[in-house]
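Below you'll find the structure, written out as structure tokens, and then a few comments.
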Amino acid sequence: MLLTADVGNTNIKFGIYDGDVLKFKLRVSTDTAKTSDEFAVELYTFFQIYGISADSIDSSIISSVVPKITSPLRDAIETISGVKSLVVGPGIKSGLNIKIDNPEKLGADIVAGCVGAYEKYGGPFIMIFMGTATVIVYVDENKTYLGGAIAPGMGISLDALTSKGALLPSIDFKAPEKVISTNTSDCMRSGIMFGTACMLDGMIDRFYEQVGKKCKVIATGGFSQLMAENCTHRIIADENVILDGLNYIYKKNSR
């Protein structure tokens, strides 16, 4: 079985694939202070909980946007399974034709997500990554990555709002019943939730205008389902698309 790991700034998502079937998945917080031994203990505990034998892991692939974690995690996986992980980066075959100024600077998670989306849904498409940052990108019908836009993520926006506004409370991410709200917490929820939805709807329209046509819109990340429910455009929310992309990339590089 294949162990996939998507290392983000906030969370690390693990998945175990048997062929093309995602059998198990796990999300843990990203902590750059953790050692390879600590990662090994977490993974071993995960395997024990789900009754997975470490011997059943015969391959592994990692996408990471946190360099400090990449090596310790790779060592941890080798410690418990004996497998050396493939790390997505320059030189790895993804099948994605990256047409930007510095292709080697494109995040491994973006590469994996776009590969997964293309394999599952075909192109062209707009892909929205809703993590620490909100990243919106475009891939055409020929699997060519043409660039995109980056905005603050919802969590960052809320943190900035509450840290700079002494009287503003911390809130949960839940859309209020009305845009025009009548208490501070719901007013903040309206601004964060509906404001983000309006930004996404507006950016989708601008993408359509630039490429000259409409296309599928796919979103992934912790807030993707919430935004899909609050945007006016039809958005496919797929929380596993990056892990699926890692599975496709591994197969492409193991042939």
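Okay, here's what the table says:
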{"item": "Estimated dipole of the chain in Debye, rounded to 20 [Cβ of Lys and Arg +1, of Asp and Glu -1, Cα centre]", "result": "480 debye"}
{"item": "Calculated P(r) of the chain - Cα pairs past 27 Å, %", "result": "41 percent"}
{"item": "Solution diffusion estimate, µm²/s, Stokes-Einstein, region 52-180, Kirkwood Rh from C-alpha pairs, 20 °C, viscosity 1.002 mPa s", "result": "122 µm²/s"}
{"item": "Selected from Val87, Val135, Ile16, residue furthest toward positive end of dipole (region 1-147; charges at beta carbon)", "result": "Val135"}
{"item": "Ellipticity estimate at 222 nm from DSSP helix runs (n ≥ 4, -39,500 (n - 2.57)) divided over the chain, nearest 500", "result": "-12000 deg cm²/dmol"}
{"item": "Set of lysines near Lys251 by C-alpha distance (under 27 Å), chain-local residues within fewer than 8 positions excluded", "result": "Lys13, Lys23, Lys25, Lys68, Lys84, Lys93, Lys99, Lys105, Lys120, Lys143, Lys216"}
{"item": "Square roots of 5 times each gyration tensor eigenvalue, C-alpha, region 125-184, largest first, Å", "result": "32, 14, 8"}
{"item": "For peptides 95-107, 8-20, sequence by mean Cβ density within 10 Å, most packed first", "result": "8-20, 95-107"}
{"item": "Calculated Rg and Dmax of region 1-71 using C-alpha coordinates, Å", "result": "11.8, 33"}
{"item": "Bridge type composition, region 53-168 - antiparallel percent by DSSP, nearest 5", "result": "75 percent"}
{"item": "Rounded D (µm²/s) - region 111-255, Kirkwood Rh over Cα pairs, Stokes-Einstein at 20 °C, 1.002 mPa s", "result": "132 µm²/s"}
{"item": "Inter-centroid distance (Cα atoms) of region 162-181 relative to region 41-93, Å", "result": "39 Å"}
{"item": "Of Ser71, Ile49, Gly107, farthest towards positive along the dipole that unit charges on Lys, Arg, Asp, Glu beta carbons give the chain", "result": "Gly107"}
{"item": "Highest-fluctuation residue, Ile192, Ile69, Ile180 considered, GNM on the chain with Cα pairs under 10 Å", "result": "Ile180"}
{"item": "Stokes-Einstein D (µm²/s) once Rh is taken as the Kirkwood radius of region 96-157 over alpha-carbon pairs, at 20 °C in 1.002 mPa s", "result": "181 µm²/s"}
{"item": "Student exercise, region 8-119 dipole from Lys, Arg, Asp, Glu Cβ charges, in Debye to nearest 20", "result": "280 debye"}
{"item": "The chain - share of DSSP beta bridges that are antiparallel (%, nearest 5)", "result": "60 percent"}
{"item": "Two-decimal ratio, region 181-255, of alpha-carbon radius of gyration to 2.2 N^0.38 Å", "result": "1.45"}
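Quick note: the coordinates plus some simple rules give every number you see, no bench work behind them. Remember, it's a predicted structure, so these values are computed and weren't measured experimentally. Virtual Cβ from ideal backbone geometry, glycine too; neighbours counted across all protein chains shown.
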